[in-house]
Amino acid sequence: MMTEESGRNEQSVLRKLAVPIVIGAAVGFVTMFGVSKLTSGDLLAGLSKAAEMAVLVGAFYILAGVGVGLGALRPRIGAKILNVEDVEELEEQKGKLLTSCIAMALWGAALIIIALGGEGGIIAPLPALIGGVAMLVIGSGFAWVSYRASDELMQMLNAEATVLAYSLTLGVVGVWAMAAHLDLARAQEPIEMLTMFYVIAMLATFIAAGRRGLLAPR
Amino acid sequence: MKNRLKEHREGKGWSQGELARRLGVSRQTINAVETDKYDPSLPLALRMAKLFAVAVPDLFIDDWEPTE
């Protein structure tokens, strides 16, 4: 039989889940709509579907980074939308979260710059490569700072996500390459491969976090 | 691995945040250990045992027995 307290807890968990789901869905919709509008305009009309997808994935990385970063900077609001127990927990993790968010946003920007530097894009290839690599390297520097500030659970999670990402990459990109080599599938476009690395890295992180119970509502 | 961390923590009247602060780890780590989602490293297990003044096997339950 449900007690009054367990009923209240259930309601609180549902409320805690509902806010980020609604915000996530809204942000996802607006991002997809925005990227689709942008790429269907005259300026980016020549962009391939693969490059459009790369822009979309890059935009999600930036939005995720900015969203969590704003939550960390404004813990009272952040505690309502992020999966933390209370405001204090967010304040404790502020430094680590911020460096991690900057890394995500820079990595997202790197993908967008590269996508916009290819055929039909608006950035010349060499500046795009320099910009993309610079964002990737600087972002990795911030990720390293965040990693060093993490405790053993997060470092373990990072290692698990890396191993998982490697396996998924081999499974998806590797099998596709095998099929393409045997003329059983079309060859991957470089930007598709790059986008897949991003998607797989994100997916692996979510799987690793879920396995350690970090996605369970707090 | 099953453990009695929550029992010992509550016995001291500490929140997960308080225990995390004392051990120098995140609350997520304490939560993951208490819910059997994560087995801590040996140094952290030793620090936990020292903090509660118990032996590591009193905190972490392992049913393994050596065979002849």
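The values are calculated or read from the model by the stated rules, or taken from the named source; none is laboratory data. Predicted, not measured: the structure shown is a model, and the values here were computed from it. Reconstructed Cβ throughout: ideal geometry from the backbone, glycine too, with neighbour counts over all protein chains shown.
Structure data summary
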item	result
Sole exception among (1) more than 11 Å from chain A (Cβ to nearest Cβ); (2) surrounded by 11 or more Cβ atoms within 10 Å (Cβ to Cβ); (3) touching a strand residue (DSSP E or B) at 6+ places or on another chain (Cβ under 8 Å) for B:Ile61, by number	(2)
Among (1) assigned to a helix (DSSP H, G or I); (2) outside the structural domain of A:Ala64 (by TED's automatic domain parsing); (3) within 16 Å of the chain's Cα centre (by Cα), the one test that A:Leu215 misses	(1)
Residue match in segment A:89-97 (condition: in a helix (DSSP H, G or I) and more than 14 Å from chain B (Cβ to nearest Cβ))	no
Cross-chain or 6+ apart pairs with Cβ under 8 Å, segment A:151-178 first and of a type in the set (Asp, Glu), then assigned to a helix (DSSP H, G or I)	A:Asp151/B:Thr29; A:Glu152/B:Thr29; A:Glu152/B:Leu44; A:Glu160/A:Ala208; A:Glu160/A:Arg211
Selection status of B:Thr29, free of Cβ contacts under 8 Å to residues at least 60 places away in the same chain and over 28 Å from A:Pro217 (Cα atoms)	no
Of the criteria (1) over 29 Å from A:Gly117 (Cβ atoms); (2) away from every other protein chain (no Cβ under 14 Å); (3) not in a loop (DSSP other than H, G, I, E, B), which one A:Asp183 fails	(3)
B:Glu34 being surrounded by 15 or more Cβ atoms within 10 Å (Cβ to Cβ) and of a type outside the set (Val, Ile, Thr)	yes
Test for A:Leu44: is it at pLDDT below 75 and either in the same structural domain as A:Gly71 (by TED's automatic domain parsing) or hydrophobic (A, V, I, L, M, F, W, C) (or both)	no
Residue ranges of helices (runs of 4 or more DSSP H) in segment B:12-68 with at least 3 members more than 20 Å from A:Glu92 (Cβ to Cβ)	B:42-51, B:56-59
In segment A:126-170, residue surrounded by the most Cβ atoms within 10 Å (Cβ to Cβ) [restricted to those that are in a helix (DSSP H, G or I) and among the charged types (D, E, K, R)]	A:Glu160
Matching residues, segment A:167-196, being closer than 21 Å to A:Val133 by Cα and among the hydroxyl-bearing types (Ser, Thr, Tyr)	A:Thr169, A:Thr195
Leading residue by the ranking (nearest to the other protein chains (Cβ to nearest Cβ)) among those in segment B:6-21 that are under 18 Å from B:Phe60 (Cβ atoms) and exposed (fewer than 15 other Cβ atoms within 10 Å of the Cβ)	B:Glu10
Failed criterion for A:Ala209 (all others in (1) within 17 Å of the chain's Cα centre (by Cα); (2) modelled with pLDDT of 95 or more hold)	(2)
Within segment A:56-84, considering residues that are outside any helix (DSSP H, G or I) and modelled with pLDDT under 85, the one surrounded by the most Cβ atoms within 10 Å (Cβ to Cβ)	A:Val84
Long-range neighbours under 9 Å by Cβ, at least six apart or interchain, first residue within 14 Å of A:Ala165 (Cβ to Cβ) and more than 7 Å from every other protein chain (Cβ to nearest Cβ) within segment A:207-218, second among the polar types (S, T, N, Q) and not in a loop (DSSP other than H, G, I, E, B)	A:Ala208/A:Asn158; A:Ala208/A:Thr162
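A quick yes/no check of all residues on (1) buried (at least 22 other Cβ atoms within 10 Å of the Cβ); (2) closer than 23 Å to A:Leu70 by Cβ:
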{"residue": "A:Asp86", "(1), (2)": "no, yes"}
{"residue": "A:Glu91", "(1), (2)": "no, yes"}
{"residue": "A:Lys96", "(1), (2)": "no, yes"}
{"residue": "A:Cys101", "(1), (2)": "yes, yes"}
{"residue": "A:Ala115", "(1), (2)": "yes, no"}
{"residue": "A:Ala124", "(1), (2)": "no, no"}
